[in-house]
1. Multiplying the sequence separation of residue 144 and residue 10 by 0.36 nm and subtracting their Cα-Cα distance, what value in nm do you get?
2. Relative to the present Cα-Cα distance, how much length would full extension add between residue 211 and residue 151 at 0.36 nm per residue of separation?
3. Residue 197 versus residue 122, label points 7 Å from Cα toward the beta carbon: distance in nm?
4. Tell me which trypsin sites (Lys or Arg not before Pro) from segment 119-196 have a DSSP coil assignment and no more than 10 other beta carbons within 10 Å of their own.
5. Tally Lys and Arg at +1 and Asp and Glu at -1 over the other residues with C-beta under 15 Å from the C-beta of residue 176: what net charge comes out?
6. Measure off 7 Å from each Cα along the Cα-to-Cβ vector at residue 56 and residue 112, then give the distance between these two points in nanometres to one decimal.
7. Would you list 234, 129 from the most to the least accessible area, probe 1.4 Å?
8. So for segment 103-235, taking the charge dipole from beta-carbon charges (+1 Lys/Arg, -1 Asp/Glu), which of 170, 212, 190 sits furthest toward the positive end?
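The values are calculated or read from the model by the stated rules, or taken from the named source; none is laboratory data. Just so it is clear, the model here is predicted, and its values are computed rather than measured. Positions of Cβ are generated from backbone atoms using ideal geometry, with glycine treated the same way; all protein chains shown enter the neighbour counts. We work out accessible area using only protein heavy atoms, side chains counted, and drop any ligands, DNA or RNA first. Shrake-Rupley method; radii C 1.70, N 1.55, O 1.52, S 1.80 Å.
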Amino acid sequence: MAAFLQRWRTPLLTGIGLWILSFPLLTSHPTVTTRPVAAATSSSRWEQDDLRILRQVSVERAAAQALPVEAVAGVAAGSVAQIVPAAPLPSVARATAPRVPARPAAPPAAPAVRANQIVIPRLGLSLGVGWYGDCLGRMAVPRYGAWRWSCAGANNTYIMAHNPGTFTPILALRAGDIVKYGDPSGRVHTYRVSSTTIVSNTQMWPLGATAVSSLTLQTCWTWDGSRDFIVRAVEI
């Protein structure tokens, strides 16, 4: 018996030592069946939460897109890639203040027409009018200002001035333009231009009487005064 114990003493002690050393390892780790069960339980809970959230998102998006809830009910049971719709949600128009159209600028007020004054609104011309009383036309017309010839025919208000000078702008008058004249009594007459023409200074018809109330404007067309620029306007 002593010989038997002596023989198996060393292997027995070695085995007992190894068993003692491995005992903590065997008792500190969970069994093999514990981890898969816990993981399966946790995964199932996450999937349920995900499905619940995704169902809610699908219903909200269906409502925003005016889709029936039944159309997305089957999708909510699928995978994440199937649940999220490919089309984006409709964008919400940003509220902006209504644009107020710019008010057009008011045209400048026409200058008041006083007695013995001629005004041409389109040209911005406003001149005082004096009197020229030489019916023979021998007296020179004053260099500045405009002058009404008192010897013109009936119904013909005849006003003249120099070019180059105060009447140079009337070369731009055309049919349809408005001319206003304040007579010596302060009454304002409004005329519309009917025609413009160029005549020799020997022609006398521009000075003659007219059938209707008219306005005649005269200025030089040539440097030597041999030809005149005539504007004829009719009172309206």
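1. Numbers: separation 134, 0.36 × 134 = 48.24 nm, distance 14.73 nm.
Answer, rounded to one decimal: 33.5 nm.
2. Values: separation 60, 0.36 × 60 = 21.60 nm, distance 1.66 nm.
Gain on extension, residue 211 to residue 151, equals 19.9 nm.
3. Taking the two extended label points, one gets 2.0 nm.
4. For trypsin sites (Lys or Arg not before Pro) across segment 119-196 that sit outside H, G, I, E and B with at most 10 neighbouring Cβ atoms in 10 Å, the list reads 138, 143, 174, 187.
5. Numbers: positive: 122, 174, 180, 192, 232; negative: 177, 235.
That sum, taken over residues with Cβ under 15 Å, equals +3.
6. Placing both labels 7 Å beyond Cα along the Cβ direction yields 7.8 nm.
7. Numbers: 234 50, 129 15 Å².
Final ranking, largest accessible area leading: 234, 129.
8. Selected residue: 190.
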